[in-house]
Amino acid sequence: MGVFITTSDALVPDTASSVRRATEKDLSRYLTSILKAQRKCNEDNDISVVNDRPASQKLTTAVLNAMKNALTAAKDFRPTAQFSILQVTASVVLNEEVQTNDLCMFHSSKYPSFLREHGWDLLELVEPFMFSATGDEDMSAEVRRLATSIFRRISRSVKENEVIMLAVEKMSLVNWAAIASDEDACVTTAIRMVEYFGIYGEAMEVMIAPKMILGFSDYPVRFCAQTLDFLQDVIVQHASWGDRKRKSNRWDHVVFAMSNTVLDFIEYSKNTTMVNNRHPLYSMKGQKPKSTDIGQDNEEVKRWYLAVYLLLLVFDKVVLNLDMDLTTIYTHRYPWKYNTKRAFENKADTLKMYTPGGNNGMLDLAFRCMRSAKSLGVTFDGISRLKRYLGEPVVTLSRAEKAKNEREKVNSNMFPLSDDGVTALLAISIYDTYIFGPAFNIPSTGLLPMVLNPEWIGREFLAHILNLMTNPDQSARVDKALFLFIFLAQRVDYVVSGDTFMDLELPVSQTWERGESLKLESALQRVVIVAASSSNPDVRYVAYQLISCFIDMCAPEAKLMVFLSLLEDCPYGAMKAAAIGLLKDRIAQALDKGVGEPFNLPIIGSKLFPAIFAKPIASELWPTLDIHMQALNLLLFLLMRDAPSSPLALWGDFEISKITSKYIRPLEQAIEEVSAELTEAEDESSQSQLLHLNLLQHTLVQVNEKLSTRT
């Protein structure tokens, strides 16, 4: 079937620090030794055929030893000498003119295959040249290409079981922790994975019996899962694909090669299950699956399930962490009224990335994931239904459940489908239809249902989307969550009542905080954390705008509840300051329109102003400086719009006449104390803080002037 197509060509190891130059005499000696041993062996083969006797194993071993000596010595040679020795090795071992599966020069059926007997040894001897970097890079690249070609072709003549044993042995030696921060070691490991996984896969392709295939699938599936965990760390910590502010580097090539190797295995699993695109688990699209216990199902279903398990892990560990900047490109193509106040930092680079004619491996990888999902018949809603049918994985296993796992080999408890992977599939399905296809003028892959129900997605997937925002500094994952929220906000026409905000319980994901229900109030808090603490200014800005959008979706009583939550319960000063700004905007709108629900009603002053104009403390002034600046701006705005003869209705029972003694005077005193300390310090940081205090004091003077006119 030939689905293991990923190559290691783009992976370039570091150039070796010490290289030994091979003299013409040395090179000639090694090459002559190989050719002489070959000639003697061929002569003995011819005689043995005539005399009907076995060929001499001693002479065959002499050929192997001659190649072993030459290849061992050549590891430190310059690439030109390495290439010459590999060429002679290929001419001896691989008979280019014989068009059979047995590519050995000893192709007579009377004698044991040279490669089948010594192929394992030859693979070990050729392997080091797949990492060759001993001089001129162009020539070293030729050496690596020739070595990998020889490696793959030798493996095809070795017994499949032996190839699988060798590949498993090599893959089991990977120490993920040891290479996590070593770029060159990671490049070498990636080359080894691509090539050994390639010969492993080709050996599996020869095996026809489904049970035999499934028996040999368990290890590569688990190895792929470990690989994807490793790649997540690489993308987040090192690759430019995880943060486009980093320069392009070799970590990117590692991600591309390893991810595509996993996708090769997924494609192989698909080809052994979905014959003629017949789905093994569903009779018709959208129906209930034929089975709700994968462990009890047939081998074909289990292989399909393992492919889906791995694909969702690719979406979770790789795609979610790619810095695709979906929020920027989506709001550029489909403008959103809430993000018109400032430009995104990397908008020009993002638009360039989504311009036809570029060569972007990151988007190519995402596109291949989309095609794999399509070929497996996987959609976000279909997998969501399947997960419900299968139920939640059991965390603590009983003896009977352990025995069941051992007996079944594959079930949804041993290989649980990733919740975040399903969410990523949802995001990429929308991306495919609304961004990727239109940007590059290509048809959609059709992952998104023809009829989309945004309200259903918002209700069923809210916890899943919020889970992408668990770590505010994982900008790539948070970006995809914000992208989904914006997409849904543009399409959902829903009014959130006070009861809905406080009491509605929504479906939770497997990874949501165990034992906790999900209500809109806790969902809002997750977005607040991102808006207040993300290190990415674009992420903070969009999260802030999302909160503003949510407030506008609320009924009057729910709006008040949101502001109470932001002003009284929020532990983040930056968000509390932003909430005062949001309140000021809505009061201004209410005053301009003459609308009194709820931002020109007495309840605003009675419920919200005590939390805003609380007595300041000098020792806490600097951390709360933004809050006081926003509070003074709000107060100044209200005083400018207010008139003593006709006071604004929103003051309620909040006595504005007492604001001077309860808020203004303590604030003046706190500013004075902190300013004195900063003036004495005289360091650069203190002077910067003093400048900000002066701005606060200037606003305070304006407020005092307005207050003085009321007395």
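The values are calculated or read from the model by the stated rules, or taken from the named source; none is laboratory data. In this text the structure is predicted, and so the values were computed from the model without any measurement. Don't worry about glycine lacking a Cβ; one is built from the backbone with ideal geometry, like all the others, and counts go over all protein chains shown. Keep in mind that these areas ignore ligands, DNA and RNA; they rest on the heavy atoms of the full protein, side chains included. Shrake-Rupley method; radii C 1.70, N 1.55, O 1.52, S 1.80 Å.
In order along segment 367-381, phi translates into HN-Hα couplings of 5, 5, 4, 4, 5, 5, 4, 4, 5, 7, x, 9, 10, 4, 6 Hz, rounded to whole numbers, per the Karplus curve 6.51 cos²θ - 1.76 cosθ + 1.60 with θ = phi - 60° and x for Gly and Pro.
Peptide packing: for 461-469, 700-708, the average count of neighbouring Cβ atoms within 10 Å per residue gives the ranking 461-469, 700-708, highest mean first.
Taking the longest Cα principal axis of the chain as reference, the axis of helix 573-593 is set at about 60 degrees. Computed in the context of the full set of protein chains, the accessible area of segment 435-578 at 1.4 Å probe radius has 52% of its extent on carbon or sulfur.
What a 1.4 Å probe finds exposed on segment 120-182 is 51% carbon and sulfur by accessible area, rounded to a whole percent.
Kirkwood hydrodynamic radius computed over segment 499-579 comes to 13.3 Å, based on all pairs of distinct alpha carbons. Projection of the Cα convex hull of segment 604-711, averaged over all directions and equal to a quarter of that hull's surface, yields 6.6 nm². For segment 156-277, the residue among 272, 240, 216 whose Cα projects farthest onto the positive side of the dipole built from Cβ charges is 240.
Sorting the segments 351-360, 254-263 by their residues' average number of neighbouring beta-carbon atoms within 10 angstrom, most packed first, yields 254-263, 351-360.
Report summary: the helix-based calculation at 222 nm, which adds -39500 (n - 2.57) for every DSSP H run with n ≥ 4 and divides by the residues of the chain, gives -19500 deg cm²/dmol. Against the chain, whose longest principal axis comes from its Cα atoms, helix 665-681 is set at around 50 degrees. In terms of packing, defined here as the mean over residues of other Cβ atoms within 10 angstrom, the peptides 327-333, 435-441 line up highest first as 327-333, 435-441.
The residues of the chain present an accessible area of 45 Å² per residue when probed at 1.4 Å with all protein chains retained.
For the chain, the longest principal axis of the Cα atoms and the long axis of helix 454-467 meet at an angle of about 80 degrees. Mind grabbing the base-10 log of I(q)/I(0) for the chain at q = 0.09, 0.11, 0.12 Å⁻¹? Debye formula, identical points on the C-alpha positions, no solvent, two decimal places. Log10 of I(q)/I(0), two decimals: -0.91, -1.16, -1.28. Solvent-accessible area assigned to carbon and sulfur over segment 612-707 amounts to 51 percent, based on a 1.4 Å probe. Based on the reciprocal of the average 1/r between different C-alpha atoms, the Kirkwood radius for segment 530-630 equals 14.3 Å.
Each residue of segment 627-639 was assigned a 3J(HN,Hα) from its phi angle through the Karplus curve 6.51 cos²θ - 1.76 cosθ + 1.60 (θ = phi - 60°); the sequence is 5, 5, 5, 5, 5, 5, 4, 5, 5, 4, 4, 5, 5 Hz, with glycine and proline shown as x. Based on alpha-carbon atoms, the Kirkwood radius and the radius of gyration of segment 652-711 give Rg/Rh equal to 1.10.
Selection among 679, 147, 251 by position relative to the dipole of the chain gives 147 as farthest towards the positive end (Cβ unit charges, Cα centre). Within segment 387-503, the ratio Rg/Rh, alpha carbon atoms throughout and Rh by Kirkwood, equals 1.07. Working note: Cα atoms of segment 176-272, range along each principal axis, descending, whole Å: 48, 23, 18.
With one equal scatterer per alpha carbon and no solvent term, the Debye-computed log10 I(q)/I(0) for segment 155-212 at 0.18, 0.26 1/Å reads -0.64, -1.00. Solvent-accessible surface (1.4 Å probe) assigned to residue 186 amounts to roughly 0 Å².
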